[in-house]
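Asker: First the structure, then my questions, so here it is.
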Amino acid sequence: MTNIKDVAKLANVSVTTVSRVLNKHPYVSEEKREAVLDAVKKTNYHINRNAVNLSKGKTFLIGVVLPYSDHPYFGTLLKGIANAALEHNYKLVLIQTNYQKDKEKEAFIMLEQKQIDGLIICSRVSEWEVIEEYVIYGPIVLAEKNITEQVSSTYIDHYQAFYQALNHLYTNGYQSIGYCINRKNGVSSQQRERAYHDFLKEKQIPFDQNYIFDGYLNFEDGERVVQQLKQMKKPPAALIVTSDQVAAGIVTCCHNLGLQVPKDLAIIGFDNQPIAKYMGITTMEIPLSEMGENLFLQAITREKVSQKRVNVQLIERQTV
């Protein structure tokens, strides 16, 4: 395989001159430039960009860890990351984990081995101790509020947003309120659970474990929620659903069964995805694209650790 020394020998110039020509350095005579380009053509030489980037201490690659690539929440978040990467001439390496710790560990090892310059974790499964073990190898950025000064984050206050949704239902006359989540042991779900218990305590509303629906992520899951509600002797009058996709599935199933929303069941979704707008679902808007852009900027900033909270807005429509 032809290397840069072969090109320099054929062009009768130094390796430095070849490097300058290939990197379009302005201070090279036209004669030498033509000689180098002719030698490159004759030897069919190609620059090893990986070697060039490593020599500069950068790969211009950012790893993005996300549990699912086909869910609108993470798709919108990824869109913001990708737009910022394109603007700054970086490429992304996507690592889908399905919330498997060993898959997430592979991303940390890539950072350790300098295969990527930084790592964005959109939703984690690893413990803090694991993350802190790898921060010495490059920037790690989280889409959640963190408890260490070593890691940057762009996050929403899930406690505050969930409390706001609960209060909106309460002020509209609903007291028996349940909620629907994907992953009960997730960091955001723990914050929402705390908000839920604090709200019930403040309003002196009794807690009912059956009002918490766990393990629902997609549109199709909405039917399972409604079927579960039908089997309950005293179902909740309102639901906060932490995914607009599931909320849309619930609304659709209710309509198919002749149940009226919000008369028979009030619903608040989360994210403000297009499906919520089209179906008139009241929801909590999360500016995911904005979050993604800021996550990327934090990932390419080695010198400074920062925390940014993104505001959530209640969008009132027809389901409450």
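Asker: Take residues that are surrounded by fewer than 20 Cβ atoms within 10 Å (Cβ to Cβ) and within 25 Å of the chain's Cα centre (by Cα) and tell me which of the strands (runs of 3 or more DSSP E) falling wholly in region 236-285 contain 1 or more. Working first, answer last.
Answerer: Numbers: elements: 238-241, 266-271, 283-285.
Filter on region 236-285 gives 283-285.
Asker: Can you run down the residue pairs with Cβ atoms below 9 Å, 6 or more apart or on separate chains, where the first is in region 168-189 and touching a residue at least 40 places away in the same chain (Cβ under 8 Å) and of a type in the set (Val, Ile, Thr) and the partner is part of a loop (DSSP other than H, G, I, E, B) and surrounded by 22 or more Cβ atoms within 10 Å (Cβ to Cβ)?
Answerer: From residues that are touching a residue at least 40 places away in the same chain (Cβ under 8 Å) and of a type in the set (Val, Ile, Thr), the pairs are 177/236; 181/216; 181/242; 181/243; 187/123; 187/124.
Asker: Another question, then. May I ask you to list the residues in region 189-227 that are more than 20 Å from residue 160 (Cα to Cα), of a type in the set (Gly, Ala, Ser) and either in a helix (DSSP H, G or I) or more than 23 Å from the chain's Cα centre (by Cα) (or both)?
Answerer: Across region 189-227, the qualifying residue is only 222.
Asker: Identify, from the list 97, 43, the residue that is free of Cβ contacts under 8 Å to residues at least 40 places away in the same chain and among the β-branched types (Val, Ile, Thr).
Answerer: Numbers: 43 fails: free of Cβ contacts under 8 Å to residues at least 40 places away in the same chain.
Testing whether each residue is free of Cβ contacts under 8 Å to residues at least 40 places away in the same chain and among the β-branched types (Val, Ile, Thr) leaves just 97.
Asker: Is there a residue in region 286-304 that is touching a residue at least 24 places away in the same chain (Cβ under 8 Å), within 17 Å of residue 245 (Cα to Cα) and in a loop (DSSP other than H, G, I, E, B)?
Answerer: yes
Asker: Can you work out which of the residues in region 36-89 that are closer than 25 Å to residue 142 by Cα and among the acidic types (Asp, Glu) is modelled with the lowest pLDDT?
Answerer: Here is the first cut: in region 36-89, the residues closer than 25 Å to residue 142 by Cα are 57-89.
Keeping just the survivors that are among the acidic types (Asp, Glu) gives 70, 87.
Values: 70: 88, 87: 96.
Per the stated criteria, the residue is 70.
The values are calculated or read from the model by the stated rules, or taken from the named source; none is laboratory data. Worth saying up front: this structure is predicted, and the values here are computed from it rather than measured. We place every Cβ from the backbone using ideal geometry, glycine too, and count neighbours over all the protein chains shown.
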